[in-house]
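Structure, as C-alpha cells:
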Amino acid sequence: MLTKDGGSQIFLVGADGSGLRRLATSASIDTEPRFSPDGGSIYFSSDRGGSPQIYRISVTGGQAERITFEGSYNVSPRLSPDGKSMAYITRVGGLFHVALMDLASKQVTILTDSAKDESPSFAPNGRMIVYATEVNGKGVLAAVSVDGRVKQRLSSALAADVREPAWAPFNR
Amino acid sequence: MRNIYLISAITVLLAACGSQPPAPEQTPAEVKTSTPTDVVVTKPVVNVVPQPTFDAMSVAALKDPRSPLSKRMVYFDLDSYVVKDEFQSTLAAHSKFLAANAKMKMLIQGNSDERGSREYNLALAQKRADAVKKSLALMGAKEDQMEAVSLGEEKPVCTDQNEECWSKNRRGEMLYNGEY
C-alpha cells in the first residue's frame with residue numbers, strides 16, 4: 001500500500017521492486033491489502049462505498065467486489081490458511097470485536113466481546129486467531145478459537161504495550 | 001558722525017539682545033491645559049507614544065490570539081475527512097496569508113482518534129490532512145507551499161476514553177516554518 005499522488009491507494013509491485021502497478025483506482029481510502037492464500041485476490045479495506053468496509057479485487061485488476069455489508073465499520077481483513085474464511089474487525093455499538101465470515105455462505109460470527117480488538121491473525125493450523133486488545137489501558141495479546149469457545153490472554157506478563165501480532169511462519 | 005551713531009545703535013541693540021535674561025525652560029509640568037479648573041480631570045495627562053497598528057495578517061500575528069492565524073486546528077467527525085463549514089473562515093485567513101507571503105511554508109498534520117484499525121487510521125488521517133490542504137489551495141494558497149502528512153493515531157493530544165477527548169484527536173493541525 002502506498003501513499004502516492006495524495007491519499008492511500010493499493011499498488012502491486014514485484015518482490016524485486018520492479019513492475020509497480022496501481023491496482024485499484026478511487027478517490028477514497030484503500031488500505032490494508034492482504035493476499036488470499038491462493039495469491040489470486042487481494043482483500044482490502046476501503047471507504048469507497050461511504051463507510052469503511054472490506055473489498056476483494058483480482059490481482060489482474062478489474063472491479064472490486066464488496067465483501068462486508070453488516071454494520072458501518074469493517075476493516076483489517078485476514079484470510080484463513082485454507083482461504084475459506086476471513087477474520088476481521090467489526091465495530092458494533094462503538095465497540096471493536098473480532099469477527100469471522102464464512103466466505104461461501106457470507107455468514108458472520110462475532111468471536112469476542114472485548115471492546116478494542118485490532119489486528120487479527122490466523123494461526124497456521126487455522127484454528128486460532130490471535131489479536132491485539134486492551135486490558136486496563138494496556139495493549140495485550142489474546143487468542144480465540146475460530147468457533148469462539150476458547151479465549152485466552154497471551155501476554156499478561158509483558159509490561160510494554162503489545163501491537164500488531166502476526167503469526168511467524170513455521171520453520172522446521 | 002552718522003556712522004558712529006549707526007554703529008552705536010547697532011552695538012546697543014546687540015548688547016540689549018545679549019543682556020536679555022534667558023527664557024525660563026518650559027517643562028511639561030508647566031504646560032497649561034485648556035481644562036477649566038472646576039472640572040475634575042479623572043485621567044492623568046500622559047505622554048502618548050503612538051502604537052503601531054496591529055496587523056492581524058502579518059507574520060508577527062501568527063501566534064497572536066487576536067489574529068485568526070493563531071487558530072491552527074480543523075476538527076473532523078468520526079470516520080470523516082470532510083472539512084466542516086465552521087472552519088472555512090479560519091482556512092480562508094490562512095490561505096490569504098500564504099498567498100500573500102510566498103516564502104511561508106505550511107505543514108499540515110492529519111490525526112485520528114485511537115479507536116479501530118491502526119493502519120486504517122493512518123490512511124484516514126492522511127485524508128484529513130489532504131482535505132485541509134485542498135481547501136487552502138482552492139482559496140488561493142500555492143500547492144508547493146504546503147505539505148500534508150499523516151500521524152495516524154500516534155500523536156494524541158489527550159488519552160481519556162471518552163468522546164470529548166476523541167473529538168480533540170480527530171484533527172488536522174497547521175504548522176508554519178519554524179514550528180516543526
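The values are calculated or read from the model by the stated rules, or taken from the named source; none is laboratory data. Because the structure is a prediction, the values reported are computed rather than measured. Positions of Cβ are backbone-derived with ideal geometry, glycine not excepted, and every protein chain shown enters the neighbour counts. SASA here: full protein model, heavy atoms, side chains in, ligands and nucleic acids out. Shrake-Rupley method; radii C 1.70, N 1.55, O 1.52, S 1.80 Å.
For segment B:117-151, name all the residues that are outside any helix (DSSP H, G or I), under 20 Å from A:THR31 (Cβ atoms) and not small (Gly, Ala, Ser).
Scanning segment B:117-151 gives B:VAL149, B:LEU151.
If a residue must be of a type in the set (Val, Ile, Thr), more than 8 Å from the chain's Cα centre (by Cα) and open to solvent by 60 Å² or more (accessible area, probe 1.4 Å), how many such residues does segment B:50-88 contain?
Matching residues across segment B:50-88 total 2.
Does segment A:40-53 contain any residue that is under 14 Å from the mean Cα position of the chain (by Cα), surrounded by 14 or more Cβ atoms within 10 Å (Cβ to Cβ), away from chain B (no Cβ under 14 Å) and closer than 28 Å to B:ARG128 by Cα?
Yes - at least one qualifying residue is present in segment A:40-53.
Name the residues in segment A:111-134 that are open to solvent by 50 Å² or more (accessible area, probe 1.4 Å) and either part of a strand (DSSP E or B) or touching a His at 6+ places or on another chain (Cβ under 9 Å) (or both), would you?
A:ASP113, A:GLU134
What number goes with the only condition from (1) touching a strand residue (DSSP E or B) at 6+ places or on another chain (Cβ under 6 Å); (2) among the small types (Gly, Ala, Ser); (3) not in a strand (DSSP E or B) that A:SER76 does not pass?
Unmet condition: (3).
Checking the structure you have, find out if any residue of segment A:90-110 is surrounded by 15 or more Cβ atoms within 10 Å (Cβ to Cβ), outside any strand (DSSP E or B) and away from every other protein chain (no Cβ under 14 Å).
Yes.
Just name the residue that is nearest to the other protein chains (Cβ to nearest Cβ) out of those in segment B:159-179 that are at pLDDT 95 or above and loosely packed, with under 12 Cβ neighbours inside 10 Å.
B:GLU163
Answer with yes or no whether B:GLU114 is part of a helix (DSSP H, G or I) and either open to solvent by 40 Å² or more (accessible area, probe 1.4 Å) or within 11 Å of chain A (Cβ to nearest Cβ) (or both).
No.
Pick from segment A:2-39 the residues that are hydrophobic (A, V, I, L, M, F, W, C) and crowded, with 17+ Cβ neighbours inside 10 Å: which of them is modelled with the highest pLDDT?
A:ILE29
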